[in-house]
Amino acid sequence: MDRYETFATWIFIAFGVLVLAGLMAFSITSNDQPAFLFALGASCTGFFLGFAVVFNQPKLYGLILLATIVLVGCSIAAIIN
């Protein structure tokens, strides 16, 4: 694997598995459906971050990263409220 594919793999692991799966698990255990749906959307957009890296699309990467951050923020705000 080259440098971009290795970086994309770590993006898949970091966003999809560690951060967002934990956020979804907390939302399930607290019975908070909106927070779960925001976290699910964030994990889907985080999954597509890797593809933006593999295909070397920095503008698309920035846009998807912004969407992921917004969805994670919405999920955390839904948990707090």
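Each value in this text was obtained by applying a stated rule to the coordinates, not by laboratory testing. Quantities reported herein were computed from a predicted structural model and do not represent experimental measurements.
Bin width 10 Å, alpha-carbon pairs only: give the P(r) of the chain as whole percents, running from 0 to the bin holding the largest distance.
With a bin width of 10 Å, the distribution comes to 21, 47, 23, 8, 0.
Against the longest principal axis of the chain, how steep is helix 58-80, in degrees 0 to 90 to the nearest 10, with axes from Cα atoms?
So the inclination is approximately 10 degrees.
Could you work out which residue, out of GLY16, GLY62, GLY50, moves most in a Gaussian network model of the chain, that is, has the largest mean-square fluctuation with Cα springs under 10 Å?
Largest GNM mean-square fluctuation: GLY62.
Could you give each residue of the stretch 37-51 its phi-based ³J(HN,Hα) in whole Hz, using Karplus coefficients 6.51, -1.76, 1.60 with θ = phi - 60°, and x for Gly or Pro?
5, 5, 5, 5, x, 5, 5, 5, 5, x, 5, 6, 4, x, 5
Between PHE47, PHE26, PHE12, which gets the highest mean-square fluctuation from a Gaussian network model of the chain, Cα cutoff 10 Å?
Looking only at PHE47, PHE26, PHE12, the largest GNM fluctuation is found for PHE26.
Quick check on the chain: helices-only [θ] at 222 nm, where DSSP H runs of length 4 and up contribute -39,500 (n - 2.57) each and the sum goes over total residues. Nearest 500, please. Kindly include the intermediate steps, with their values, before the conclusion.
On the way: 4 runs with 64 residues, N = 81.
One gets -26000 deg cm²/dmol as the mean residue ellipticity at 222 nm.
Considering only LEU40, LEU60, LEU18, give the residue with the highest GNM mean-square fluctuation for the chain, with springs between Cα atoms whenever their separation is below 10 Å.
Top of the fluctuation ranking is LEU18.
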